[in-house]
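Below is one structure, written out as structure tokens; comments come after it.
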Amino acid sequence: VRQQISHALVEAGFQVIEAVDGLDGVAKIEEHADLAMVLCDVNMPRMSGLELVETLLADGKYMQLPIVMLTTEGHPGLIQRARQAGAKGWIIKPFKPALLVATVRKLAAP
Amino acid sequence: MSPPEGGRDAANHRILHSIVTRASVELFSAYKVHLTRRKELAPTEETTFAATIGFTGASMRGALLLAPTETALARTYPSGKQPHDWASELANQLLGRIKNRLVSYGVEICPSVPVAIKGRGLSIVARGDIPPYLFDAQPGLVTVLFDVEMHHELILAPQDVTPCPTEGDTLLF
């Protein structure tokens, strides 16, 4: 799925930085200060997507960085938790490439 | 095959039967593959990818197995993708659909990590009276097994809870 997402976004003209799990995601976000947005799954090895959102947005440093969850999960409680933590969206797999690109264009716009 | 008749367990199994069948058909439909139910397992020498993923929960635990033949699987996965990885992802997406449907019945399950194998002439051996779900993908075959242990007091009945959004939905906050 990560490759599919990357392919769809690269085709649309975006530059994509991939991470293999939640902890790697946090490291990549800290490494690249110019990121326009983050897409992440909920169920990931080592650190879940919800923990990632809560970790990043807790100290206010990344409040301007839109984070969207892309997952098979649809539990309203999880969606609410992500929303409360500051995530900007929730996409339930399977994703539609055109819709994903439109969402990224909207949220990643300067 | 159909679930056993009569009693609370049978009623639960009937609901699960409906959820699993519908989730399987809708999953493949999302990838433009139309599944129809088969009554009998068709022997095939074609390579089959069998992906399994376990789950736990307070009222339900078990495992899902999704086993499409190579022909059926190939019609769903993007070029360049490793088929066994994709089989695992499809199993993950199928269990996600089932999990999201179960929320409406007040049941929460927590999936584990999927694993997949491939082989020729694989036979799916069901446990006890748990029937496999057999589908024709025209061309190709898909077998689904949802092996589940339910808490003895569980009664699957629609609950007054917020339903999960539909697969493919995008929610912006």
How far apart, in nm, are the 7 Å Cα→Cβ label points at B:ALA30 and A:ARG46? 2.7 nm
Between region B:42-121 and region A:72-86, how far is it from one alpha carbon centroid to the other, in angstrom? 24 Å
Tell me the Kirkwood radius of chain B: reciprocal of the mean inverse pair distance over distinct alpha-carbon atoms, in Å. 16.6 Å
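Grab the beta carbon distance between B:ALA126 and B:GLU46, set R0 = 25 Å, and tell me the FRET efficiency rounded to 0.05.
Computed FRET efficiency for B:ALA126 and B:GLU46 comes out at 0.80.
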Here the whole-number average of other chain Cβ atoms within 10 Å per Cβ of A:89-99 is 5
Anchor A:LYS61: lysines whose Cα lies under 20 Å away (excluding residues fewer than 8 positions away in-chain): A:LYS28, A:LYS88
So for region B:28-83, what are the equivalent ellipsoid semi-axes in whole Å, largest first, each being the square root of 5 times an eigenvalue of the Cα gyration tensor? 23, 16, 13
Excluding residues fewer than 8 positions from B:LYS32 in its own chain, the lysines with Cα under 24 Å of it are A:LYS93, A:LYS96, B:LYS81, B:LYS99, B:LYS118
Once every DSSP H run of n ≥ 4 in chain A is given -39500 (n - 2.57) and the sum is divided by its residues, what mean residue ellipticity at 222 nm do you get, rounded to the nearest 500 deg cm²/dmol? -14000 deg cm²/dmol
For peptide A:66-79, what's the mean number of Cβ atoms from other chains within 10 Å of each residue's Cβ? 5
What share of all Cα pairs of the protein assembly as shown, in percent, falls into each consecutive 5 Å distance bin? 1, 5, 12, 16, 17, 15, 13, 10, 6, 3, 1, 0, 0
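FYI, it's all coordinate maths here, none of it is from the lab. Remember, predicted model here, so these are calculated numbers, not experimental data. In this analysis, Cβ positions are derived from the backbone assuming ideal geometry, glycine residues included, and neighbour counts consider all displayed protein chains.
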